[in-house]
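The values are calculated or read from the model by the stated rules, or taken from the named source; none is laboratory data. Since this is a predicted model, take the numbers as computed values, not measurements. Cβ: placed from backbone, ideal geometry, glycine included. Neighbour counts: every protein chain shown.
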Amino acid sequence: MINEQLSSLTLSDWKGTRDTLQKYAQLVGALREKMSNPHPHWWHISLAVSDKGLTTAPLPKDKNTPGQAFELFLDLNNHHLVIESNFRETKRIKLTGQSLYALCKETDSLLKDIGINIPIDKDQFSDGKAGEYDKQAVRNYWKAIQEINKIMISFRSTLSGEKSPVQLWPHHFDMSLSWFSGRLIPGKDPNDAESSKEQMMFGFSTGDDGIPNAYFYIIAYPSPEGFPNFNMPVGAGWNTNGFQGGVMMYDQFASSDNPKVTLLNYFKTFQKAGAKMMK
């Protein structure tokens, strides 16, 4: 039985809406990328989960107007794409399942109205087909990721050393947190921050071709020999379809007596075992 504070996220029940929402997130993420300095770990293309929604966080308007900033976010409670700034009135676009092209065009127009010119690649967002948009399904997802985000932030606070923020990646529509052991991988270019650092990734996916339902995952890079050979938490397993790593289904988390304890135990058990084997 799913915990009353959460909702079922069976992918077949809302896949059309999930796919629409993912496209919208990809648009917002691309706009953030255009207005951000590159980060060696690609953190400049991700979004964050905030009380407002899926957000770019504040972005500078341009180099000529220091102090002026704006923020784009998907308000998943009220179903709007919102453009908020400290220099003009707030702009909102109602999310209805409109095509990606239509949303891109209207967003670009409203940004220009308040003096923001972002060089959007229109070809990237040329999909003119309208999609599904079930408001209740969106709210169910929003409720779930708010709770998951809080738990992942709590887990992050227990990790020492370099670690990423908790981020939502529009491309795969998953949330993740990376922890770095502090060691470089032998044979890798030490100047390549993305591939040279030993790390573990802890995340949540709404489901994909490999695992067609919502799940949590843990991946070690590079995967140490014998990584799956330890006592995994109840409900956790080892995946080899598409990626190698620990997996726990979302329903296992959502139906547990204490979802927070269940997820923290899952993350901590794998992190402790992985960190020990990486040495």
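What to note about this one:
- Residue that is surrounded by the fewest Cβ atoms within 10 Å (Cβ to Cβ) [pool: residues in the stretch 242-262 that are among the aliphatic types (A, V, I, L, M) and closer than 12 Å to Tyr215 by Cβ]: Met249
- Annotation note: of Lys34, Lys63, Lys52, Lys94, the sole residue that is of a type in the set (Lys, Arg), outside the structural domain of Asp209 (by TED's automatic domain parsing) and within 21 Å of Phe204 (Cβ to Cβ) is Lys52.
- Residue in the stretch 27-44 that is in contact with a Gly (Cβ under 8 Å, 6 or more places away or on another chain) and within 25 Å of Lys150 (Cα to Cα) present: no
- Under the condition of being surrounded by fewer than 15 Cβ atoms within 10 Å (Cβ to Cβ) and either modelled with pLDDT of 90 or more or closer than 19 Å to Thr240 by Cα (or both), the residues counted in the stretch 178-187 number 0.
- The stretch 188-211, residues that are of a type outside the set (D, E, K, R) and either modelled with pLDDT of 95 or more or in contact with a Phe, Trp or Tyr (Cβ under 7 Å, 6 or more places away or on another chain) (or both): Gln199, Met200, Met201, Phe202, Gly203, Phe204, Ser205, Thr206, Gly207, Ile211
- Residue in the stretch 67-85 that is in a loop (DSSP other than H, G, I, E, B) and either in contact with an Asp or Glu (Cβ under 9 Å, 6 or more places away or on another chain) or modelled with pLDDT under 95 (or both) present: yes
- Being farther than 21 Å from Ile218 by Cβ and touching a residue at least 40 places away in the same chain (Cβ under 8 Å) is a description that does not apply to Asn149.
- The residue pairs whose first member lies in the stretch 1-23 and is closer than 19 Å to Asp208 by Cα and in a helix (DSSP H, G or I), whose second member is among the aromatic types (Phe, Trp, Tyr) and at pLDDT below 95, and whose beta carbons are closer than 9 Å, counting only pairs six or more residues apart or on different chains, are Lys23/Phe125.
- Only listed residue being touching a residue at least 40 places away in the same chain (Cβ under 8 Å) and among the small types (Gly, Ala, Ser), chosen from Gly237, Gly274, Gly242, Gly246: Gly274
- Members of the stretch 113-139 that are assigned to a helix (DSSP H, G or I), in contact (Cβ under 8 Å) with a residue 12 or more places away in the chain and surrounded by fewer than 19 Cβ atoms within 10 Å (Cβ to Cβ): Asp113, Lys122, Gln124, Lys135, Arg139
- Residue within the stretch 159-177 that is in contact with a Lys or Arg (Cβ under 7 Å, 6 or more places away or on another chain), among the polar types (S, T, N, Q), surrounded by 17 or more Cβ atoms within 10 Å (Cβ to Cβ) and in a strand (DSSP E or B) present: no
- Selection count where residues are among the polar types (S, T, N, Q), surrounded by 14 or more Cβ atoms within 10 Å (Cβ to Cβ) and assigned to a loop (DSSP other than H, G, I, E, B), scope the stretch 24-49: 2
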